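As structure tokens, the structure follows; a few thoughts come after it.
The values are calculated or read from the model by the stated rules, or taken from the named source; none is laboratory data. Just so it is clear, the model here is predicted, and its values are computed rather than measured. When we count neighbours, we look across all protein chains shown, and the Cβ atoms used for this are built from the backbone with ideal geometry, even at glycine.
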Amino acid sequence: MRPSAVRLLNVLVPIKRTIDYAVKIRVNPQQTGVDTNVKHSMNPFDEIAVEEAVRLREKLKDAVKSIKVITIGPPKASETLRTALAMGADAGIHVEVPEASPSPEPLGVAKALQAVIKREKEGVDLVILGKQAIDDDAGQTGQMLAGLMGWSQATFASKIVVDTEKKEASVTREIDGGLEEIRCRLPLVLTTDLRLNEPRYASLPNIMKAKKKPIEKLSASDLGVDLTPILETLKVTEPPKRTGGQKVESVDELVQKLKDAGITAVA
Amino acid sequence: MFPTRQAARRLALQSSRRWSHSVAPSPRLNPVTEKDLAYFSSILQPSSILSTLSPSKLPASELDPYNTDWIGRYKGTSTTVLRPRTTQEVSEIVKYCNEKRIGVVPQGGNTGLVGGSVPTGSGEVVVNLGNMSNVRHFDAVSGILVADAGCVLQSLTDYIAPQNHIMPVDLGAKGSCQIGGNVATNAGGLRLMRYGSLHGTVLGLEVVLPDGTILDLLSTLRKDNTGYDLKQLFIGAEGTLGIITGVSILTPPAPQASNNVILALPSFECVLPLFKTAKRQLSEIMSAFEYIDRTAYDLAVKHGQGRALNDEDVEGAACFVLIETSGGKREHDEEKLNELLETLMTADKPIINTGVMSQTPAQFASMWALREGVTEAVSKEGKAYKYDISVPLSSFKDVVDVTRERLREKGLLGPKAVKHVIGYGHVGDGNLHLNVVADAYTPEIEAALEPFVYELVAKYKGSISAEHGVGVMKTHALHYSKSNTAIEMMKRIKQVFDPNGIMNPGKVLP
């Protein structure tokens, strides 16, 4: 076997347990948040991240040495890790926070991930996160992590091609004007956008294998990280109810109503 | 494409259905005239009337959604559609029509598959229940729901969901079908295996009889043995004995845990042993067991009905089975399900290749969408001849193969004739949906299929219509599944309720 300068890739995929996106959310009576006594599942963008890691391994085969998934959350979050393992990840890390504690914030998460990466003996070459969590819509964790680590970042990725020999990745990003293609050096922080892939169903053989895969349990203090929130939520309310529209009898009437509302023609 | 406006009389005497056995317009019935329209205008709101007659004079195309069935195979030519708002209005309409001998077609969501909810050529008036869509009462403790017949099934599901109840009946048409229509057709659907048929879950009905009398059988009692159980006659009568205007139904508690799996089977012979094993190991938590053959799956995927399985998972699969579990405790259900899956995956002689299990509510819905979407995929693929039959489980594959062979013998298999012959259905209830997908409806294909398929079913002593009903499509085939004595008694009962024959003429009875 000829000696290879290629380092095998270690991939880390942080995932978050959020309220399932199909659930109808209701603000709690105290107006401090939403009712969380509902179905939870993996943040959809994180599902896409796990799927991308698995597809990378299918493409690059042995060049991907390990895919680890990590979550920072309450005890129930370990189920979310099992789902990721059933999709094809190798091992999990669960940074457990108490059930009653507030949800960790992006900066806290980023610092915890930084500590985890430093701990990993084999190192980490690629971190794939969802672009945002559907509960807080913050969209900050990936960027903050890249900043803390001093690594390249490619966010809102809709296509990723990794070249292990050059230790580079070519990423297509979704931006306002269309698509942007950038070339990044590894190690790299990626955040996934919707069009990157469509996550697979967990297949039975993988579900059975997942039960035997290891999950390492850690606490925030093990990592030397303080997850206390620095933001205080003052109030959560529903958006104002939508008032009904109006039906008009003719185009002329429509034009008149638009004029009355102060909307004038452009051309 | 659609008939231009014609005088009411000519319209009434023309049967404009494209297919086969034309229904002779009933000689005893009169078509709707302007005079009748004037009467209806005096008892109904203007927004409850759609008519091509004066003074309303709508273009015929406005009435197309009411005149044409969901498949597009049966096209009526009614001039007048009424959408009453109250039971009283329905009663007055029917009383008038009975006196004037005008045919009445009760209509709900118009999603039936046997042409039972659209007019034939007798100048009938369509009475659409869509404006009667109020929930009258829901008791969260007993789960008893009382609702207007025009409530859309999905909206009832949404109404009782916050109280943690579900409707006992569920089908692909849930976004459009109405509960009155479901009851009138004794709809089966995906939950029958677990919750039973509407004959058991409907506690009471409010019905307008063919002479206009309002028969109030709206009970909320779970048990009531006081005389003949009249409501059972209307359940499944397909609107031929009266118009259902109110329904009282028992809704089961929503399962705390739901899961589903799609299993890929190497051959059809594995379906029965799989059913036996699943029944034994899952026992009370199994709530659905659906079968789709490989072609049906491919069509559903082709037409984007739901997310497909991975290529490697479907390789070598001859057919698929979807199993749903519903229970009170997630951990308990998952344990049973995992044990079943382990047994199947590690068996010496495996009866499954592999399978996938839903991990999230979104995936759960997507897997169901693959099964429920087959019907829609079929209508996008071509023109479908649908045969909804009850036959022994072991013969499911044979029925499909024999039908395909028959078409091949007649030289009717091919891209310009019959594109696919597929089978899918409710294994748990012994109900197969045999679909012949053609490029276009032709007399040759129909002649090759009928009475061939019905005779095939009769050989198995099966039902020529497991759940879709008779409508106008299968009136002539009733004798394949019911004796002459039985049909004679049905005619006598019809005579008792509807001596003038105004209620949904041409449907159900030959």
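Test each condition in (1) charged (D, E, K, R); (2) modelled with pLDDT under 95; (3) assigned to a helix (DSSP H, G or I) for B:Lys494 and report the one that comes out false.
B:Lys494 satisfies every listed condition except (2).
Is at least one residue of the stretch B:389-405 under 24 Å from B:Gly189 (Cα atoms) and part of a strand (DSSP E or B)?
yes
Select, from A:Leu231, A:Leu223, A:Leu190, A:Leu196, the only residue that is more than 25 Å from A:Ile48 (Cβ to Cβ), more than 14 Å from chain B (Cβ to nearest Cβ), out of contact with any His (no Cβ under 8 Å at 6 or more places or on another chain) and surrounded by 18 or more Cβ atoms within 10 Å (Cβ to Cβ).
Numbers: A:Leu231 fails: surrounded by 18 or more Cβ atoms within 10 Å (Cβ to Cβ); A:Leu190 fails: more than 25 Å from A:Ile48 (Cβ to Cβ); A:Leu196 fails: more than 25 Å from A:Ile48 (Cβ to Cβ).
Testing whether each residue is more than 25 Å from A:Ile48 (Cβ to Cβ), more than 14 Å from chain B (Cβ to nearest Cβ), out of contact with any His (no Cβ under 8 Å at 6 or more places or on another chain) and surrounded by 18 or more Cβ atoms within 10 Å (Cβ to Cβ) leaves just A:Leu223.
Mind telling me which of the residues A:Gln153, A:Gln132, A:Gln143 ends up being in contact with a helix residue (DSSP H, G or I) (Cβ under 6 Å, 6 or more places away or on another chain) and either exposed (fewer than 12 other Cβ atoms within 10 Å of the Cβ) or away from every other protein chain (no Cβ under 14 Å) (or both)? Spell out how you get there, then give the answer.
Values: A:Gln132 fails: in contact with a helix residue (DSSP H, G or I) (Cβ under 6 Å, 6 or more places away or on another chain); A:Gln143 fails: in contact with a helix residue (DSSP H, G or I) (Cβ under 6 Å, 6 or more places away or on another chain).
Sole residue among the options that is in contact with a helix residue (DSSP H, G or I) (Cβ under 6 Å, 6 or more places away or on another chain) and either exposed (fewer than 12 other Cβ atoms within 10 Å of the Cβ) or away from every other protein chain (no Cβ under 14 Å) (or both): A:Gln153.
Please state which of the following conditions A:Ser158 fails to meet, knowing it meets all the rest: (1) assigned to a helix (DSSP H, G or I); (2) at pLDDT 95 or above; (3) under 17 Å from the mean Cα position of the chain (by Cα).
Tallying (1) assigned to a helix (DSSP H, G or I); (2) at pLDDT 95 or above; (3) under 17 Å from the mean Cα position of the chain (by Cα), A:Ser158 fails exactly one: (1).
Okay, residues lined up against (1) at positive phi; (2) at pLDDT below 85; (3) part of a helix (DSSP H, G or I):
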position: B:Leu11; (1), (2), (3): no, yes, yes
position: B:Ser22; (1), (2), (3): no, yes, no
position: B:Lys35; (1), (2), (3): no, no, yes
position: B:Ser41; (1), (2), (3): no, no, yes
position: B:Leu53; (1), (2), (3): no, no, no
position: B:Leu63; (1), (2), (3): no, no, yes
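Could you tell me which of the residues A:Val54, A:Val38 is within 14 Å of chain B (Cβ to nearest Cβ), under 23 Å from A:Gly123 (Cα atoms) and out of contact with any Asp or Glu (no Cβ under 7 Å at 6 or more places or on another chain)?
A:Val54
Which residue pairs have Cβ atoms closer than 8 Å, lie 6 or more positions apart in sequence or on different chains, and pair a first residue in the stretch B:339-358 that is touching a residue at least 12 places away in the same chain (Cβ under 8 Å) and at the interface with another protein chain (Cβ under 7 Å from one of its Cβ atoms) with a second residue that is among the small types (Gly, Ala, Ser) and in a strand (DSSP E or B)?
B:Leu341/B:Gly355; B:Thr354/A:Ser203; B:Thr354/B:Ala264; B:Gly355/A:Ser203; B:Gly355/B:Ala264; B:Val356/A:Ala202; B:Val356/A:Ser203; B:Met357/A:Ala202
Tell me, yes or no, whether the stretch B:204-219 has at least one residue that is closer than 16 Å to B:Ser287 by Cβ, charged (D, E, K, R) and surrounded by fewer than 22 Cβ atoms within 10 Å (Cβ to Cβ).
Scanning the stretch B:204-219 turns up no residue that is closer than 16 Å to B:Ser287 by Cβ, charged (D, E, K, R) and surrounded by fewer than 22 Cβ atoms within 10 Å (Cβ to Cβ).
Looking at B:Glu89 and the list (1) at pLDDT 90 or above; (2) buried (at least 20 other Cβ atoms within 10 Å of the Cβ); (3) part of a loop (DSSP other than H, G, I, E, B), which single condition is not satisfied?
(3)
Within 11 Å of chain A (Cβ to nearest Cβ) and among the charged types (D, E, K, R) - does that describe any residue in the stretch B:382-391? Walk me through how you get there before you give the answer.
We begin by selecting, within the stretch B:382-391, every residue within 11 Å of chain A (Cβ to nearest Cβ); these are none.
Within the stretch B:382-391, none of the residues are within 11 Å of chain A (Cβ to nearest Cβ) and among the charged types (D, E, K, R).
What about B:Leu113, is it surrounded by 22 or more Cβ atoms within 10 Å (Cβ to Cβ), under 30 Å from B:Ile389 (Cβ atoms) and touching a helix residue (DSSP H, G or I) at 6+ places or on another chain (Cβ under 7 Å)?
Working: surrounded by 22 or more Cβ atoms within 10 Å (Cβ to Cβ): yes; under 30 Å from B:Ile389 (Cβ atoms): yes; touching a helix residue (DSSP H, G or I) at 6+ places or on another chain (Cβ under 7 Å): no.
Answer is no for this residue.
Hey, any hits in the stretch B:66-80 for a residue that's surrounded by fewer than 22 Cβ atoms within 10 Å (Cβ to Cβ), part of a helix (DSSP H, G or I) and of a type in the set (A, V, I, L, M)?
Looking through the stretch B:66-80, none of the residues is surrounded by fewer than 22 Cβ atoms within 10 Å (Cβ to Cβ), part of a helix (DSSP H, G or I) and of a type in the set (A, V, I, L, M).
For the stretch B:171-187, which positions are in contact with a Gly (Cβ under 7 Å, 6 or more places away or on another chain) and either buried (at least 24 other Cβ atoms within 10 Å of the Cβ) or under 14 Å from B:Gly469 (Cβ atoms) (or both)? Before the answer, list the steps.
Restricting attention to the stretch B:171-187, the residues satisfying the condition of being in contact with a Gly (Cβ under 7 Å, 6 or more places away or on another chain) are B:171, B:173, B:176-178, B:180-181, B:184-186.
The answer is B:Leu171, B:Ala173, B:Cys177, B:Gln178, B:Gly180, B:Gly181, B:Ala184, B:Thr185, B:Asn186.
Rundown of residues vs (1) among the β-branched types (Val, Ile, Thr); (2) more than 23 Å from B:His426 (Cα to Cα); (3) in contact with a strand residue (DSSP E or B) (Cβ under 9 Å, 6 or more places away or on another chain); (4) touching a residue at least 12 places away in the same chain (Cβ under 8 Å), yes/no style:
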position: B:Thr185; (1), (2), (3), (4): yes, no, no, yes
position: B:Met193; (1), (2), (3), (4): no, no, yes, yes
position: B:Leu198; (1), (2), (3), (4): no, no, yes, yes
position: B:Val207; (1), (2), (3), (4): yes, yes, yes, yes
position: B:Ser219; (1), (2), (3), (4): no, yes, yes, yes
position: B:Asn225; (1), (2), (3), (4): no, yes, no, no
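Hand me the list of helices (runs of 4 or more DSSP H) wholly inside the stretch B:270-380 holding 2 or more residues that are modelled with pLDDT of 90 or more and either assigned by TED's automatic domain parsing to the domain that holds B:Leu434 or of a type in the set (A, V, I, L, M, F, W, C) (or both). Even if it seems obvious, please write down each step before you answer.
Values: elements: B:271-282, B:294-302, B:311-314, B:330-345, B:361-372.
Helices (runs of 4 or more DSSP H) meeting the threshold: B:271-282, B:294-302, B:330-345, B:361-372.
Report, by residue number, each residue of the stretch A:178-187 that is surrounded by 14 or more Cβ atoms within 10 Å (Cβ to Cβ) and at positive phi.
none
Could you grab me the full set of residues in the stretch B:228-253 that are within 18 Å of the chain's Cα centre (by Cα) and in a loop (DSSP other than H, G, I, E, B)?
Within the stretch B:228-253, B:Ile235, B:Gly236, B:Ala237, B:Glu238, B:Gly239, B:Thr240 qualify.
Hey, any hits in the stretch A:98-111 for a residue that's touching a residue at least 40 places away in the same chain (Cβ under 8 Å), out of contact with any strand residue (DSSP E or B) (no Cβ under 7 Å at 6 or more places or on another chain) and aliphatic (A, V, I, L, M)?
Yes, some residue in the stretch A:98-111 is touching a residue at least 40 places away in the same chain (Cβ under 8 Å), out of contact with any strand residue (DSSP E or B) (no Cβ under 7 Å at 6 or more places or on another chain) and aliphatic (A, V, I, L, M).
Are any of the residues in the stretch B:440-455 surrounded by 22 or more Cβ atoms within 10 Å (Cβ to Cβ) and under 22 Å from B:Leu190 (Cβ atoms)?
Among the residues of the stretch B:440-455, not one is surrounded by 22 or more Cβ atoms within 10 Å (Cβ to Cβ) and under 22 Å from B:Leu190 (Cβ atoms), which makes the answer no.
Please go through the stretch B:348-371 and give me each residue that is in contact with a Ser or Thr (Cβ under 9 Å, 6 or more places away or on another chain) and farther than 17 Å from B:Ala288 by Cβ, ordered by number.
Within the stretch B:348-371, B:Ile351, B:Thr354, B:Gln359, B:Thr360, B:Ala362 qualify.
Please state which of the following conditions B:Arg330 fails to meet, knowing it meets all the rest: (1) of a type outside the set (Val, Ile, Thr); (2) within 14 Å of chain A (Cβ to nearest Cβ); (3) farther than 25 Å from B:Gly188 by Cα; (4) surrounded by 17 or more Cβ atoms within 10 Å (Cβ to Cβ).
Unmet for B:Arg330, out of (1) of a type outside the set (Val, Ile, Thr); (2) within 14 Å of chain A (Cβ to nearest Cβ); (3) farther than 25 Å from B:Gly188 by Cα; (4) surrounded by 17 or more Cβ atoms within 10 Å (Cβ to Cβ): (4).
How many of the residues making up the stretch A:57-90 are among the acidic types (Asp, Glu) and within 14 Å of another protein chain (Cβ to nearest Cβ)? Quick ask: steps written out before the conclusion?
We begin by selecting, within the stretch A:57-90, every residue among the acidic types (Asp, Glu); these are A:58, A:62, A:79, A:90.
Subset that is within 14 Å of another protein chain (Cβ to nearest Cβ): A:58, A:79.
Going through the stretch A:57-90 one residue at a time, the tally reaches 2.
Report yes if some residue within the stretch B:207-215 is within 14 Å of another protein chain (Cβ to nearest Cβ) and touching a Lys or Arg at 6+ places or on another chain (Cβ under 9 Å); otherwise report no.
Checking the stretch B:207-215: not a single residue is within 14 Å of another protein chain (Cβ to nearest Cβ) and touching a Lys or Arg at 6+ places or on another chain (Cβ under 9 Å).
Checking B:Ser394 against (1) among the hydroxyl-bearing types (Ser, Thr, Tyr); (2) buried (at least 17 other Cβ atoms within 10 Å of the Cβ); (3) away from chain A (no Cβ under 12 Å), which single condition isn't satisfied?
(2)
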